[in-house]
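Structure record follows, encoded as structure tokens.
The values are calculated or read from the model by the stated rules, or taken from the named source; none is laboratory data. Small disclaimer: the values here were computed from a predicted structure and weren't measured. With ideal geometry, Cβ positions are generated from the backbone for all residues, glycine too; neighbour counts draw on all protein chains shown. For accessibility, only protein heavy atoms count, side chains too; no ligands or nucleic acids. Shrake-Rupley method; radii C 1.70, N 1.55, O 1.52, S 1.80 Å.
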There are 2 protein chains.
Amino acid sequence: MQRINLAFLGTGNAIPTEMRNHTGILLGFKNENILFDCGEGMQRQFRLLEISPAKLTRIFITHWHGDHILGLPGLFQTLAMSNYTRKLKIYGPRGTNHFISIIKELLMHINIELEINEVDEGTVLDEDEFKIEAKRMDHGTPSLAYSFIVKDKLRLNKEKIKKLGLPNLPILKNLQDGKDIIFNKKKIKASSVTYRELGRKITIILDTKMNEKAIELAKNSDLVITESTFSEEEAEKAKEYMHLTAKDAATIAKKSKSKALIITHISQRYEHNLSAIEKEARKTFKNTKIARDLDILEL
Amino acid sequence: MQRINLAFLGTGNAIPTEMRNHTGILLGFKNENILFDCGEGMQRQFRLLEISPAKLTRIFITHWHGDHILGLPGLFQTLAMSNYTRKLKIYGPRGTNHFISIIKELLMHINIELEINEVDEGTVLDEDEFKIEAKRMDHGTPSLAYSFIVKDKLRLNKEKIKKLGLPNLPILKNLQDGKDIIFNKKKIKASSVTYRELGRKITIILDTKMNEKAIELAKNSDLVITESTFSEEEAEKAKEYMHLTAKDAATIAKKSKSKALIITHISQRYEHNLSAIEKEARKTFKNTKIARDLDILEL
């Protein structure tokens, strides 16, 4: 099974600390390296993990608040100086074209090729092996949460293929696509020589007030990554500033019947009491962890 | 003598490394905390040194290339969230108003009060005890280098004052201002009861091609801080990209008859061979040091 690699490049909230950079989550899958949000200092976080930003294929922006995007201009400049030759594909909510044009003015010029995609709810990217879906969130500015979904895949049962004496020919591709074939005048059903490898789903929900769409988007995720800027004691503040509490995060994971939860976007006020946040979430959803900067995860 | 404190918040060049953030030099003198340039990640460098950015009084920008200014928007946001109540005074070359207005658009709004000063050659700030002078540099975009100058000061010779039986009255202020006074019907010459405390001069020369004005500005500095992006071996590249070599930096220090040189804006290509840069500079100017991130200096 092809691995999904996750790197937590930044796990802090609006004010960065010694321990936590502004938000950024890097997802690697096959030839794709997708960055979700790009807070200030992101290019240096890549350096700390010894990952070349030149491997980036796409950037998804959840919303255009400074702590989620101020790493973009510096990243663009460094890519240009690193002879980045791809077309960097950027996806974000309404306003993305506008903000990219402002960054262009700030830098005088962007010396790499960008493809800007303003997206909205629904399937925002659909590739052979994976897709990305989005739902609108509630944070006072156009905001999206994203699910990265590796599609189910038909796999050949190699033993059965060998037993039937099937050669390594394009006909195998037909079987893998679920099509029955005729071989040596005998019909071979795709279903009899293949099995279904289940896909995986990772949902990333950053700044938002608690809302039903977050639960819908996260449905049956293998992993939900959410912000949590407040604890339940400050539930009123969380509503006022349109953020999630740790309990909200756990409720999303639970109600969506997801398998695991990682909490990020941690406020400096909780740095020395992270166990309280973790405990609060675990009351509602046991398989919860708190992200730290430069954490690496394989899925 | 009132100290001048220097903090090297960032000493890297266009691409930051594990060791070096983008450029920023903080100068503290009495109630002033003046930042020279503000590359990406600057607010986190303040955190690492446990200096509150809320103490900032002024920011001087040498030029508007990304690696010298991309820390501004995040810094403005963090100041706003830190209840910054001062008016932050910003100085920079032609274009400063334009670029600040772009940052305003990127952030949607700047929630602190800014005073923008587009400045040119000459005395760009003149306060009671210090002044800042500027000269145009040569870097392909409007660029300035700055000298921070603590003025000479007349000090009272306390022993002589005591001997003459002078009371601690406003008349002492007159002496300190260099004015003669009459006391008990007797003329007291200011020059007879005061001595001159010499000022100090720190010159900061960032991105530029070698030029005569750099030497003029630096004249008789106690400390010259210059960029050096290349070594003498790459002198042609230095000219092409309009930067200084280590030898250029040392030549500026020597010809300006300055006392000390600190080299910053170090390229990642030299990180593992800093002694070569240092050696090259010391051939021309002995009292040379290479800055490292978070270096602190008192003058």
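For the protein assembly as shown, the share of DSSP beta bridges that are antiparallel, to the nearest 5, is 60%. In nanometres and ascending order, the distances from the B:Thr57 label point to those of the other copies are 5.4 (point 7 Å from Cα along Cα→Cβ).
Rounded to whole numbers, the Karplus 3J(HN,Hα) couplings from phi for region B:35-41 are 9, 9, 6, 8, x, 3, x Hz, using 6.51 cos²θ - 1.76 cosθ + 1.60 with θ = phi - 60°, and x at Gly and Pro. Interface A/B, total buried accessible area with a 1.4 Å probe, nearest 100 Å²? For chain A against chain B, roughly 3200 Å² becomes buried.
How much length is gained if the chain between B:Glu236 and B:His109 is pulled fully straight, taking 0.36 nm per residue apart and subtracting their Cα-Cα distance, in nm to one decimal?
On the way: separation 127, 0.36 × 127 = 45.72 nm, distance 4.32 nm.
Going from the current span to full extension adds 41.4 nm.
Using the Cα gyration tensor of region B:73-130, with a ≥ b ≥ c the square roots of its eigenvalues, what is the shape: rounded (a/c below 1.5), prolate (a/b larger than b/c) or oblate (neither)? Note, shape of region B:73-130 comes out oblate. Across the protein chains, with a 1.4 Å probe defining accessible surface, the residues A:Tyr195, A:Tyr84 rank A:Tyr195, A:Tyr84 from largest area downward. Checking the cross-link pairs A:Lys55/A:Lys151; B:Lys259/B:Lys283; B:Lys209/B:Lys237; A:Lys55/A:Lys87; A:Lys30/A:Lys289 against a 18 Å limit on the alpha carbon distance flags A:Lys55/A:Lys151; A:Lys30/A:Lys289 as lying beyond it. Return one number: the angle in degrees, 0 to 90 and rounded to the nearest 10, between the long axis of the Cα atoms of helix B:246-255 and the longest principal axis of the Cα atoms of chain B. The two axes meet at around 20 degrees.
Amide H to amide H distances under 5 Å link B:Thr229 with B:Leu244, where only residues 5 or more positions off or on other chains count and H is placed in the peptide plane.
In percent, rounded to a whole number, the relative contact order of region A:154-195 is 46, using alpha-carbon pairs under 8 Å and six or more apart. Rolling a 1.4 angstrom probe over the protein heavy atoms with all chains in place gives the protein assembly as shown an accessible area of 46 Å² per residue.
With q set to 0.05, 0.06, 0.09 Å⁻¹, the log10 of I(q)/I(0) for the protein assembly as shown, from the Debye formula over equal scatterers at the Cα positions, is -0.30, -0.41, -0.79.
Relative contact order of chain A, please, whole-number percent, based on alpha carbon pairs below 8 angstrom and at least 6 residues apart.
Values: 677 pairs, mean separation 50.7, N = 299.
The normalised contact order for chain A reaches 17 percent.
Count, for each residue of B:70-78, the Cβ atoms from other chains sitting within 10 Å of its Cβ, then give me the mean as a whole number. Could the numbers behind the result be given before it?
Numbers: counts 13, 4, 2, 6, 11, 2, 1, 7, 6.
Average neighbour count from other chains, rounded to a whole number: 6.
Listed by chain and number, the lysines whose C-alpha is less than 17 Å from the C-alpha of A:Lys213, apart from same-chain residues fewer than 8 away, are A:Lys135, A:Lys201, A:Lys239, A:Lys247, A:Lys254, A:Lys255, A:Lys257. Each residue of region B:165-171 was assigned a 3J(HN,Hα) from its phi angle through the Karplus expression (A = 6.51, B = -1.76, C = 1.60, θ = phi - 60°), giving x, 6, x, 7, 10, x, 4 Hz with x at Gly and Pro.
What the Cβ-Cβ distance of A:Lys286 and B:Asn220 gives, at R0 = 60 Å and to the nearest 0.05, is a FRET efficiency of 0.30. Remark on B:Leu125: its backbone amide H falls under 5 Å from those of B:Ile132, a criterion applied only to residues 5 or more positions apart or on other chains, H modelled at 1.01 Å from N.
When both bridge partners sit in chain B, DSSP labels roughly 60% of those beta bridges antiparallel. Find, among the residues of chain A, the one whose Cβ sits nearest the axis of the rotation taking A to B; state the distance in whole Å. So the closest residue, with its distance, comes out as A:Gly41, 2. Here is how far apart the B:Gly140 label points are across copies: 4.1 nm, shortest first, using a point 7 Å from Cα toward Cβ.
Applying the Karplus relation 6.51 cos²θ - 1.76 cosθ + 1.60 with θ = phi - 60° to region A:114-119 yields 3J(HN,Hα) values of 10, 10, 9, 10, 7, 10 Hz, where x marks Gly and Pro. Using the alpha-carbon atoms, what tilt in degrees (0 to 90, nearest 10) does helix A:72-81 show relative to the longest principal axis of chain A? Rounded to the nearest ten degrees, it is 60.
Each Cα pair under 8 Å and six or more residues apart adds its separation to the average, and for region B:148-299 the resulting relative contact order is 18 percent. Each of B:Ile296, B:His68, B:Ala281 was placed along the dipole of chain B (beta-carbon charges, centred on the mean Cα), and the one lying farthest toward the positive end is B:Ile296. Model label points for B:Glu129 and A:Phe183, set 7 angstrom from Cα along the Cα-to-Cβ axis, are 8.8 nm apart.
For peptide A:63-69, the mean count of partner chain Cβ atoms within 10 Å of a residue's Cβ comes to 3.
Taken about its Cα centre, region A:1-54 carries a charge dipole of about 140 debye when Lys and Arg each add +1 at the Cβ and Asp and Glu each add -1 at the Cβ.
Which percentage, to the nearest 5, of the DSSP beta bridges contained in region A:46-148 is antiparallel? Can you show the working numbers first?
Working: 9 of 18 bridges.
Antiparallel: roughly 50 percent of the beta bridges in region A:46-148.
Placing a label point 7 Å from Cα along the Cα-to-Cβ direction at A:Ser101 gives distances to the equivalent points in the other copies of 1.6 nm, listed shortest first. Taken residue by residue and averaged, Cβ atoms of other chains lying within 10 Å of the Cβ of B:11-22 number 3.
Note the angle between two axes, namely the Cα long axis of helix A:96-106 and the longest principal axis of the Cα atoms of chain A, as a number of degrees from 0 to 90, rounded to the nearest 10. Helix A:96-106 sits at roughly 60 degrees to that axis. With a cut-off of 20 Å on the backbone N, the residues of region A:189-222 near the modelled label site 7 Å out from A:Leu169 along Cα-Cβ are A:189-194.
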